[in-house]
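Visitor: I have a structure here, written as structure tokens, and I will follow up with some questions on it.
The values are calculated or read from the model by the stated rules, or taken from the named source; none is laboratory data. Just so it is clear, the structure is predicted and the values come from calculations on it, not from any experiment. A quick note on method: Cβ atoms are made from the backbone with ideal geometry, for glycine too, and the neighbour counts reach across all protein chains shown.
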Ligand SMILES: Cc1cc2nc3c(=O)[nH]c(=O)nc-3n(C[C@H](O)[C@H](O)[C@H](O)COP(=O)(O)OP(=O)(O)OC[C@H]3O[C@@H](n4cnc5c(N)ncnc54)[C@H](O)[C@@H]3O)c2cc1C
């Protein structure tokens, strides 16, 4: 008899799972509460969708800080190259950028959704626009899903409901409740790849200022370096955001206990002596100017009053009067503008959710629940998460594929 599989969630994981199931000849009920499919994918990579990364699987695993071992089978069963081939065969052209990041050639995330829909929406896949309320089961086996559109009976069910981040895309953490109701353990969902709130309030004066080519280093309470990277960051009304800040956040654990400090090197290409000589040259050039008016060649305009204030030097001191010791204070600020980490922004503003369904309760070779026969999980709903670089979507695609192969 033809088997029916219900897939809850038409995100990255659910769409791949539905396509694989359809290829295997299953009747698929794809349950999605949004009117559109793949809503989150459309906003990924700033609307360009960093689909995956072409690095080898061992290196992909190194970019997954939470439960990489659990993903071994999934990532080898459906690799980054398998994904690229599949999308290419659906007519999506891809390109590789800095750091091995793969994007659609069109730079349009919607094209990725279209390719996935083309793969998923075969004749034996029925899309049901409904809210999945509860899992149905009897005698230790799944029997279906109750939804806002009525009960859907199925031989297997795949929960691919995503995490709790960016809830307007539909990822509102429903999968945690569905899994918990049938006895699964949920590791507390927390934000990852998330903007940072700082103790310093002066950041709000710099709101909207974006710094390119800076080096950001984070130290913990014991002064141990926990993260360092070059790139782009942004000041906001609450603290800092932007690519290197989001990456840094994934490395910060026990954020309240560790008293992390973020040090921004505004001039990473210059060492202390070179920078000092550079400042001296500018001070000679603008010798009669007040300090506040003498740094336009060195810093973005908005940053000058902040640096001057932090230096403790009078903004109206003529630069020819500035002592060596005062100049060294400026050098220090340029090389290590320091902010104390107060908190993360809420999970709703995080790129991914860390935490989720405990991996020890899922079979890593099939994605089947160890607690309830016929129940499978895929994607961000599981307690796995990765750094930026296309790894999070690859996790969703690989686990979605494996669940689709086995359900
Ligand atoms: C702004 C942003 C940018 C990102 N950029 C990238 C990037 O460039 N590269 C990358 O690798 N990762 C990126 N990510 C992360 C990546 O998007 C996610 O990790 C990935 O989409 C997770 O896929 P998923 O299928 O598990 O879940 P989701 O994509 O969240 O899909 C879950 C689906 O389930 C549906 N659903 C939930 N509950 C129910 C219910 N009760 N009933 C019915 N349907 C339900 C939801 O509506 C949703 O459509 C980004 C995330 C964000 C927020």
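Visitor: With the requirement that a residue be away from the ligand (no atom under 11 Å from the Cβ) and closer than 15 Å to residue 181 by Cβ, what does the stretch 126-142 give you?
Guide: Within the stretch 126-142, 136, 137, 138, 140, 142 meet the criteria.
Visitor: Of all residues in the stretch 222-258, which are over 18 Å from the mean Cα position of the chain (by Cα), more than 15 Å from residue 337 (Cα to Cα) and at pLDDT 95 or above?
Guide: Answer for the stretch 222-258, where residues must be over 18 Å from the mean Cα position of the chain (by Cα), more than 15 Å from residue 337 (Cα to Cα) and at pLDDT 95 or above: 222, 223, 224, 225, 226, 236, 237, 238.
Visitor: Restricting attention to the stretch 153-183, which residues are more than 11 Å from the ligand (Cβ to nearest atom), under 25 Å from residue 39 (Cβ atoms) and in contact with a strand residue (DSSP E or B) (Cβ under 6 Å, 6 or more places away or on another chain)? Break it down into steps so the answer makes sense when it comes.
Guide: Looking only at the stretch 153-183, we keep the residues that are more than 11 Å from the ligand (Cβ to nearest atom), and these are 153-157, 179-183.
Subsequent filtering for residues that are under 25 Å from residue 39 (Cβ atoms) retains 154, 156-157, 179-181.
Residues satisfying the conditions are 154, 156, 157, 179, 180.
Table: residues versus (1) in contact with a helix residue (DSSP H, G or I) (Cβ under 6 Å, 6 or more places away or on another chain); (2) within 23 Å of residue 193 (Cβ to Cβ).
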{"residue": "18", "(1), (2)": "yes, no"}
{"residue": "28", "(1), (2)": "yes, no"}
{"residue": "36", "(1), (2)": "no, no"}
{"residue": "54", "(1), (2)": "yes, yes"}
{"residue": "57", "(1), (2)": "yes, yes"}
{"residue": "85", "(1), (2)": "no, no"}
{"residue": "93", "(1), (2)": "no, no"}
{"residue": "99", "(1), (2)": "no, yes"}
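Visitor: Considering only residues that are farther than 25 Å from residue 261 by Cβ and over 14 Å from the mean Cα position of the chain (by Cα), which ones fall in the stretch 341-360? Spell out the reasoning first.
Guide: Start the filter on the stretch 341-360 by keeping residues that are farther than 25 Å from residue 261 by Cβ, which leaves 348, 353, 355-360.
The answer is 356, 357, 358, 359, 360.
Visitor: Restrict the check to the stretch 294-311 and report whether at least one residue is under 30 Å from residue 71 (Cβ atoms) and within 31 Å of the chain's Cα centre (by Cα).
Guide: The first filter runs over the stretch 294-311 and keeps only residues under 30 Å from residue 71 (Cβ atoms), leaving none.
No: the stretch 294-311 contains no residue that is under 30 Å from residue 71 (Cβ atoms) and within 31 Å of the chain's Cα centre (by Cα).
Visitor: Confirm whether residue 400 is surrounded by fewer than 24 Cβ atoms within 10 Å (Cβ to Cβ), within 8 Å of the ligand (Cβ to nearest atom) and under 20 Å from residue 61 (Cβ atoms).
Guide: Details: surrounded by fewer than 24 Cβ atoms within 10 Å (Cβ to Cβ): no; within 8 Å of the ligand (Cβ to nearest atom): yes; under 20 Å from residue 61 (Cβ atoms): yes.
No.
Visitor: Of everything in the stretch 102-125, what is closer than 19 Å to residue 159 by Cα, assigned to a strand (DSSP E or B) and within 14 Å of the ligand (Cβ to nearest atom)? Give them in sequence order.
Guide: Scanning the stretch 102-125 gives no hits.
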